[in-house]
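Just so it is clear, none of the values below were taken in a lab; they were calculated from the coordinates. Note that the structure is predicted; figures quoted are calculated from it, not measured. Positions of Cβ are generated from backbone atoms using ideal geometry, with glycine treated the same way; all protein chains shown enter the neighbour counts.
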Protein chains: 2
Amino acid sequence: MLRQILLLSSSKVHGYDFLEYAANDICELLNENKVSTVTFIPYALSDHDAYLKKVEEPFKKWGYSVESTHNGNPLQIIENAQAIFVGGGNTFRLLKTLYDLNLVETIRKRVLSVGIPYIGTSAGTNVATKSINTTNDMPIVYPPSLEALKLVPFNINPHYLDSDPNSKHKGETREERILQYLEEEDSHTVLGLREGSTLWIKNNTAVLKGIQGARLFIRGKDPQEINVGSDLSFLLKEEGSA
Amino acid sequence: MLRQILLLSSSKVHGYDFLEYAANDICELLNENKVSTVTFIPYALSDHDAYLKKVEEPFKKWGYSVESTHNGNPLQIIENAQAIFVGGGNTFRLLKTLYDLNLVETIRKRVLSVGIPYIGTSAGTNVATKSINTTNDMPIVYPPSLEALKLVPFNINPHYLDSDPNSKHKGETREERILQYLEEEDSHTVLGLREGSTLWIKNNTAVLKGIQGARLFIRGKDPQEINVGSDLSFLLKEEGSA
């Protein structure tokens, strides 16, 4: 399957500027594809102009211009996109807007059939997966479905957080929440990307990149630590594959 | 309006046994109403038998028996309930099951028209409000709506957590998430109940009880600290009141 995808756990990582921890991976992907303009999808935050300004900063520094789908006809802009960057914020708001603007199928086609690069961070990573069932975000709006772009056939939990044994807070840990999801019928695999983890996908190959490991949850198996550099291509063959 | 409601932030609080921090408030409410059997709604967790066993422990110690809606016809059991206790777990799973079993209207009627006591913790508190838009839980299933029992006309965020200025984690803080909700059209008021906070409601009077304060978010206003003992009756008059 054609695909060139970078799924970042988060845009902000402790000790790094916005998007900086993944700068090399992002620039390599864009350069390989001779991308000059990145198409930004800003719907996860409410102030699209401010968000565009923030995103332009690193991309301009690296030599790319940025156009945002909110400054024109979004469908047309995506039809002509050289590469797509989907920023973080609220995953429910992002997915609902993609459905409301009828962009889901067009993004899928551009990424999986035409093969343009897709870069997502946080909410932008969540919507790239099978469904947003494993987002950390508040359900501030009600999308028509939790099914997402299905660029990969499994779930991701971005900003994955290990439980703090000294915490006095009694809310569910992240691991408990993910295990609750895996009790449900249609669930299968959840990759917990710690802040600073990136899933790098080229066609049918997937590798964990970045500066932090990940934690892999597969229904019926013990959770497993994944180190940076690990081959995760087997995840792309999971049932329900796109 | 007739209602006798206790909404607990959580069943587990640091330093206390399960439900113990609110034992006096719970027993007072049940005794005033001459309740001998509490009807438990266990759907927020997947193992209903184990959950019933856990809930029976404190209630039996306090002198009440517990029946669970999963051990019979749930609609009939609720129709005959003397008092309802809705436990925590996953809010999406809980609300979806209430819809699937067609229990929403019956619970509303029992609580708001007949006036039986309703006690909720965590997910059981979320579903008592206007909607579950401010739950912390993962959307592990897709309920037919986020609208909830509407026993109160505003939103609650249980397990409310102050941000840790020393944290290296870059995910959104709880306050940021709630403020994102308040950017959305139908939102108005969110009461953040810290673990150990209880909202006590009798007819049109509401008071903050428990051992921890709350944080109140009203659209367009600065967030506000609420101390234990504060009168919050004005929240019951908010627009969209049940």
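Table: residues versus (1) closer than 26 Å to residue A:18 by Cα; (2) assigned to a loop (DSSP other than H, G, I, E, B); (3) more than 10 Å from chain B (Cβ to nearest Cβ).
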residue	(1), (2), (3)
A:106	no, no, yes
A:112	no, no, yes
A:119	yes, no, yes
A:125	yes, no, yes
A:128	yes, yes, yes
A:134	yes, yes, no
A:138	yes, yes, no
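Keeping to region A:212-242, report how many residues are of a type in the set (Phe, Trp, Tyr) and outside any helix (DSSP H, G or I). Matching residues across region A:212-242 total 1.
Within region B:88-101, residues that are within 12 Å of another protein chain (Cβ to nearest Cβ) and at positive phi have Cβ atoms under 6 Å from residues that are outside any loop (DSSP other than H, G, I, E, B) and buried (at least 24 other Cβ atoms within 10 Å of the Cβ) in these pairs: B:89/B:123, counting only partners at least 6 apart in sequence or on another chain.
Of all the listed residues (A:236, A:191, A:151, A:161), the sole one being closer than 25 Å to residue B:45 by Cβ, of a type in the set (A, V, I, L, M) and either within 14 Å of the chain's Cα centre (by Cα) or surrounded by 18 or more Cβ atoms within 10 Å (Cβ to Cβ) (or both) is A:191.
Annotation note: of A:71, A:31, A:24, the sole residue that is outside any helix (DSSP H, G or I), without any contact (Cβ under 8 Å) to a residue 40 or more places away in the chain and of a type in the set (S, T, N, Q) is A:71. Within region A:1-36, the set of residues being closer than 19 Å to residue A:212 by Cβ and among the small types (Gly, Ala, Ser) comprises A:9, A:10, A:11, A:15, A:22, A:23. For region A:146-176, a tally of residues being at the interface with chain B (Cβ under 7 Å from one of its Cβ atoms) and either within 16 Å of residue B:12 (Cα to Cα) or among the small types (Gly, Ala, Ser) (or both) returns 4. Kindly list, by first and then second residue, each pair from a residue in region B:50-64 that is in contact (Cβ under 8 Å) with a residue 12 or more places away in the chain to a residue that is part of a helix (DSSP H, G or I) and not hydroxyl-bearing (Ser, Thr, Tyr), limited to pairs with Cβ atoms under 6 Å and residues at least 6 apart or on different chains. Filtered contacts from region B:50-64: B:62/B:27.
Go through region A:30-55 and give me each residue that's of a type outside the set (Phe, Trp, Tyr) and within 15 Å of residue A:121 (Cα to Cα). First the steps, then the outcome.
Of all residues in region A:30-55, those of a type outside the set (Phe, Trp, Tyr) come to A:30-39, A:41-42, A:44-50, A:52-55.
Within region A:30-55, A:38, A:39, A:41, A:42, A:44, A:45, A:52, A:54, A:55 qualify.
Filtering region A:1-21 to residues that are within 16 Å of residue B:171 (Cβ to Cβ), in contact with an Asp or Glu (Cβ under 7 Å, 6 or more places away or on another chain) and either more than 14 Å from every other protein chain (Cβ to nearest Cβ) or part of a strand (DSSP E or B) (or both) leaves nothing.
Against the condition of a type in the set (A, V, I, L, M), surrounded by fewer than 23 Cβ atoms within 10 Å (Cβ to Cβ) and within 19 Å of residue B:149 (Cα to Cα), how does residue B:84 come out, does it pass? Talk me through it step by step, then tell me what you get.
On the way: of a type in the set (A, V, I, L, M): yes; surrounded by fewer than 23 Cβ atoms within 10 Å (Cβ to Cβ): no; within 19 Å of residue B:149 (Cα to Cα): yes.
Against the criterion (of a type in the set (A, V, I, L, M), surrounded by fewer than 23 Cβ atoms within 10 Å (Cβ to Cβ) and within 19 Å of residue B:149 (Cα to Cα)), residue B:84 does not qualify.
Only one entry in B:202, B:221, B:168, B:237 is closer than 22 Å to residue B:148 by Cβ, out of contact with any strand residue (DSSP E or B) (no Cβ under 7 Å at 6 or more places or on another chain) and not acidic (Asp, Glu), namely B:237.
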